[in-house]
Amino acid sequence: MTDRQLAAGIWEDVWIPTACDMCYNVCTVRVHRVNGVAVKIEGIPEAPPNYGKVCAKGNAGLMNLYNPHRITSPLLRTNSQKGIGVDPKWKEISWDEAMDLLVEKLRLARSKDPRGLVAATFDRCSYFSLRAFMAAYGSPNVTNTSAGFFCGNGVHPVAYTITGSNDVHPDLKLCNYLLLFGSSHGFVAQQNAMGLAREMAEARIRGMKLVVIDPVCTYAASKADEWIPIRPGTDTAFALSLMNVLVNELGLYDVPYLKKYTNSTYLVRPDGHYLRDPKDGRPLVWDARNGRAGALDGVEPTDAALEGSFQLEGVKAAPAFQLFKEHLRSYLPERASEITTIPAETIRRVARDLVEAARLGSTIHVEGHDLPFRPAAACWYRGISAHKHGMLNGMSVAQINLLIGAVDVPGGLINSTAAGPNWRPQEGPDGLLVPGNPFTYHHASPIPPRKVKQPETLELVELFPVSTYARTMLWLGVLYGEKFGLNYGPQVFIQCRTNMMAASGDPEVMAEALKRVPFMVSFADQHDETTEFADLLLPDTHALERLVPVVFNPYVHYNNAPLPDDEWCFNFQQPVVKPMGQARYWMEVLTEVADRLGIIGDFYTAFNATAHLEDGYRLDPSQKYTWEDICDRWFKSYCGEEHGLEYFRGHGYCKLGKRTAEQSYPRVFHKGRIPLYLEHFIGAGEDVRKFTQEHNIPWDTSDYIPLTEWRPCPAQKESPAEYDLFVVNQKVPFLTLTFTSENPWLVDLAHHNAKVFPVGMNAATGRRKGIVAGDEIEIETPSGKKVRAIARLTEGLHPECLAVPAILGRWVTSNDRARGQGVHFNSLLEYTVDRLDTLSAALDACVKVRVRRVRASGQKEAAIAPYRSP
Amino acid sequence: MPPASAPEKTKLVVEVRVTFVGLIQRLVGRREEAVVLPQEATLGGLLRELAARYGQELEERLLENGELAAHVTILINGRNALTQGGLTAKLSDGSQSRVEIVLLGPPLMGG
């Protein structure tokens, strides 16, 4: 310390490297601590994945740390009644009492049936340890949220299908033309928020053209070259029509790519299945050079026919692409225009611009390899995935990239979550692509489809053979499990850092499900809508108070979307300040619980399995370890003996080399083909249909089709005419993901932004309905759900829509300026099985409403009643 | 799957100590099991032997489409079996082997 500082009473002035936790992107940061108090958070310029950038949420993290309303001691519910707005009547108890109670409940539940334990968290840093705890306990019911609302559930199965990885994103370093469908990619409200914001900004400066297709002029659309407003739930019609223009009008598509890297040449029989070699069952292709059918591996891709119709021993067969091409003809731009409201000439123009930008036939030299160069891509996210037909929607946009040969090549749409250097996509059954992760192989991959069987999990994932998970079903499984043959129900629910009451489907349904759980323990640092249902509430640490290594793990778990040439990196969270009150890191608590349950040895073994610890660093089931011991071994196993806990305490992160060309652009380096034609859906659908019919389970299998098509959501088909507007939800970057309503800085920011709390309405629509800005309106769904809001009129919204931003209208928060402000979008949703995409388990967010004015702008009245008020 | 043939006394054998972690414990009714197999035995051979002892349900839990099921992680002497050849992985070069069969829940991923 300098004399001047000491004279000023400053006895400590240090910067501590750690990682942010204000959302799941866990950016690397450093925290300024003065006299034991954290006073500033900022980025570290050279540290991935955010390279020095910190968003508004990250900057505001200190406000959560020092929130005077934090939970600081264990609390026991004394009110046996539970429900929305029901006071739990908390009673403070000691940690000893709390642990005794928790262990007793868990021991009892385990003796009855270990599957009765359910755990949910969105604490990304604790995924490995929670999964190990649940494995040791013996329950498969572990999930990271409850309804997949951030991605919409339909994103990842499509990403796996086309790249073998968990996610996809545009190659912002080389892409010159990008279509974004219902996505905020690169605009902070999505993965790798700050890293990709930087990349997007650089791409835009470089000249990349950005076109956003979205009902709302979102943050992404407002910064784009062009915003194309679209009627909600019709993106597939747009995508298919665009492809129709490419294939049937312009005749411009990447023939070599389709022949070599997709199943476009596979011969298809009239029943939709592949024509197979009777000797080995492998799909056949038509050898155009020799005029005969040939084995998939025996015909040069350049010789395989993409088009035509052939007779083979009395069976008529055609290449998959021929069927695809004919299928597209029904999506004329004029027809698509009626469906989407996008002018036909716009569809044709976008198709032309896209394929011109794709530079078909060009190559680029990367690290000694000549690779296809396709600097154009179409990318999608929750906006088109959270629909009844979400997976078909995602597949349709993905296919645009296949047609222009842009998947996993420079400039195009590339895998973003490659599970690290060990991951290598490869050839699986029928020559199709499967994930090549040596640690997890096809874990959660939708291809090849999983065998349908009697559900054992509460999320009923066994009925979703082409999904990556089915967590949307979890609470419906809790409510209606017996209808699906489940012979057990939930006994204990562990919840931490996931507020499913606010962030999932209809809270009324969620509340009924939570009330079915006999004992619920929440780990939390603040009260929220979900902890209101807990029987035991335990004080959790803030991210700046805890030790958690390997925040993102490139080896076996997904990474923060590293772009080509980005660095593989580990970072961690370490205590910057002492925990407030009696707060404890929840996984340390569960580790102690495992010890008291007598399953600590199994926890260690399961931890070795989930974290893939290397020789010399594995946990010995016969030993006991402190949490710091575990962390030290974990670091060293991944980063080398010299990079243990002490190294991380000083440095905060560890880089492990750059992503190579083969890792970034794997398409040409492996044989696994991408299915343009979804033949595997037919068998999967037959499998589901057979099982559900045999067990008398009503189940929609109509989306298991090999050629994607546009299908209207139930809201579009079934809503009476007077429900003439769609409600759409859009992400707000500084209110996206967790920990927002408690934070005074973020809520203050929201109050200063005219677009956050009011509901947006197109200005022309407002005039037609006699509604002006500032009017109070009532929004009602066909099922009678109602909310009230203040209208905001805007040109930045499709005329048939109302825009409801973020997850607002919160009803349990200590922040008076957040409570009841804005509209809680999820309260308008129907959370029922028939509103789920039975392929991906996405919950349909398509809702139609009618609107009436209940109070004119400026008319004095008491403050608007929030939709829910305790 | 047919049970693996019993090792002949004159052949070298490997004693495999199997640990069951997770829900599978409930199925087999124990945490540990000792299995003696020919020294050249593979993981596939071990699983066949366990299936013979504990029935088809165990096999269905562990295998899918002829491979290790997605939610199963098997460690052979601490190392993930998938990195050593999966079902063809050899259990040991010596006379003893430690195999840990862990049934995991679904991966936590996505949003």
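Observations on the structure shown:
- Conditions (1) within 11 Å of chain B (Cβ to nearest Cβ); (2) farther than 15 Å from A:W586 by Cα; number of the one not met by A:I84: (1)
- Meets criteria (over 29 Å from A:R546 (Cα atoms) and over 25 Å from the mean Cα position of the chain (by Cα)) for A:I205: yes
Residue by residue, here is whether (1) among the β-branched types (V, I, T); (2) crowded, with 16+ Cβ neighbours inside 10 Å holds:
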residue: A:G314; (1), (2): no, no
residue: A:L323; (1), (2): no, yes
residue: A:R329; (1), (2): no, no
residue: A:P333; (1), (2): no, yes
residue: A:S337; (1), (2): no, yes
residue: A:T340; (1), (2): yes, yes
residue: A:E356; (1), (2): no, no
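- Residues satisfying the stated conditions in segment A:453-493, i.e. of a type in the set (F, W, Y) and either away from chain B (no Cβ under 13 Å) or touching a His at 6+ places or on another chain (Cβ under 9 Å) (or both): A:Y469, A:W475, A:Y480, A:F484, A:F493
- Taking the listed residues A:N144, A:N166, the one that is within 23 Å of A:L486 (Cα to Cα), surrounded by 24 or more Cβ atoms within 10 Å (Cβ to Cβ) and either hydroxyl-bearing (S, T, Y) or facing chain B (nearest Cβ under 8 Å) (or both) is A:N144, with no other qualifying.
- Answer residue from segment A:621-635, given it is without any contact (Cβ under 8 Å) to a residue 40 or more places away in the chain and under 22 Å from B:I76 (Cβ atoms) and is nearest to the other protein chains (Cβ to nearest Cβ) among those: A:P621
- Taken together, the residues in segment A:284-311 that are assigned to a strand (DSSP E or B) and either at pLDDT below 95 or out of contact with any Ser or Thr (no Cβ under 9 Å at 6 or more places or on another chain) (or both) amount to 8.
- Summed over segment B:42-84, the residues that are within 13 Å of chain A (Cβ to nearest Cβ), of a type in the set (K, R) and in a helix (DSSP H, G or I) give a count of 1.
- Criterion (surrounded by 14 or more Cβ atoms within 10 Å (Cβ to Cβ), of a type in the set (V, I, T) and more than 11 Å from the chain's Cα centre (by Cα)) met by exactly one of B:V72, B:V28: B:V28
- Going through (1) in contact with a helix residue (DSSP H, G or I) (Cβ under 6 Å, 6 or more places away or on another chain); (2) of a type in the set (D, E, K, R); (3) in a helix (DSSP H, G or I) one by one, A:R618 falls short only on (3).
- Of the helices (runs of 4 or more DSSP H) contained entirely in segment A:621-718, those carrying at least 3 residues that are among the charged types (D, E, K, R) and within 25 Å of A:T28 (Cβ to Cβ) fall at A:627-639.
- Residue satisfying all of: in segment B:86-111; part of a loop (DSSP other than H, G, I, E, B) and either at pLDDT 90 or above or under 10 Å from the mean Cα position of the chain (by Cα) (or both); nearest to the other protein chains (Cβ to nearest Cβ) among these: B:A89
- The condition (being within 14 Å of another protein chain (Cβ to nearest Cβ), crowded, with 18+ Cβ neighbours inside 10 Å and basic (K, R)) is satisfied by just one residue among A:R618, A:R584: A:R618.
- Single residue of segment A:1-33 satisfying the filter (free of Cβ contacts under 8 Å to residues at least 60 places away in the same chain and among the charged types (D, E, K, R)) that is surrounded by the most Cβ atoms within 10 Å (Cβ to Cβ): A:D13
- The single condition from (1) buried (at least 19 other Cβ atoms within 10 Å of the Cβ); (2) away from chain B (no Cβ under 12 Å); (3) assigned to a helix (DSSP H, G or I) that A:Y604 fails is (2).
- Enumerated strands (runs of 3 or more DSSP E) restricted to segment A:12-98, each holding at least 2 residues that are more than 22 Å from A:F734 (Cβ to Cβ): A:13-19, A:28-34, A:75-77, A:90-92
- All told, A:T701 falls short of being over 30 Å from A:P319 (Cβ atoms) and either of a type in the set (D, E) or not assigned by TED's automatic domain parsing to the domain that holds A:T163 (or both).
- Residue match in segment B:30-40 (condition: facing chain A (nearest Cβ under 8 Å) and either among the aromatic types (F, W, Y) or in a strand (DSSP E or B) (or both)): no
- A count restricted to segment A:122-131 and to residues that are facing chain B (nearest Cβ under 8 Å) and hydrophobic (A, V, I, L, M, F, W, C) stands at 2.
- Restricting the first member to segment A:238-262 and to residues that are within 29 Å of A:P425 (Cβ to Cβ), and the second to residues that are among the charged types (D, E, K, R) and assigned to a helix (DSSP H, G or I), the beta-carbon pairs closer than 8 Å and six or more apart or on different chains are A:V247/A:K325; A:Y261/A:R667.
- Only one of the numbered conditions (1) surrounded by fewer than 23 Cβ atoms within 10 Å (Cβ to Cβ); (2) in contact (Cβ under 8 Å) with a residue 60 or more places away in the chain; (3) over 20 Å from A:N499 (Cβ atoms) is violated by A:K89, and that is (2).
- Counting only strands (runs of 3 or more DSSP E) that sit completely within segment A:497-593, those holding 1 or more residues that are of a type in the set (A, V, I, L, M), in contact with a helix residue (DSSP H, G or I) (Cβ under 7 Å, 6 or more places away or on another chain) and at pLDDT 95 or above correspond to A:519-524, A:536-539.
- Answer from A:G672, A:G640 - the residue that is more than 14 Å from every other protein chain (Cβ to nearest Cβ), within 22 Å of B:T83 (Cα to Cα) and exposed (fewer than 15 other Cβ atoms within 10 Å of the Cβ): A:G640
- Positions within segment A:58-76 being under 18 Å from A:A524 (Cβ atoms) and buried (at least 20 other Cβ atoms within 10 Å of the Cβ), in sequence order: A:G61, A:N64, A:L65, A:R70, A:I71, A:P74, A:L75
- Qualifying residue in segment B:2-17 (condition: surrounded by fewer than 17 Cβ atoms within 10 Å (Cβ to Cβ), within 14 Å of chain A (Cβ to nearest Cβ) and at pLDDT below 90): no
- Odd one out for A:A119 among (1) within 8 Å of chain B (Cβ to nearest Cβ); (2) part of a strand (DSSP E or B): (1)
- Considered as a group, the residues in segment A:701-723 that are of a type in the set (D, E) and in contact with a helix residue (DSSP H, G or I) (Cβ under 9 Å, 6 or more places away or on another chain) include one that is surrounded by the fewest Cβ atoms within 10 Å (Cβ to Cβ), and that residue is A:E709.
- Take the conditions (1) out of contact with any strand residue (DSSP E or B) (no Cβ under 6 Å at 6 or more places or on another chain); (2) surrounded by 24 or more Cβ atoms within 10 Å (Cβ to Cβ); (3) over 30 Å from A:R618 (Cβ atoms); A:R115 misses just one of them, which is (3).
The values are calculated or read from the model by the stated rules, or taken from the named source; none is laboratory data. This one's a predicted model, so the numbers in the text were calculated from it and none came from an experiment. Note: ideal-geometry Cβ built from the backbone for every residue, glycine included; neighbour counts use all protein chains shown.
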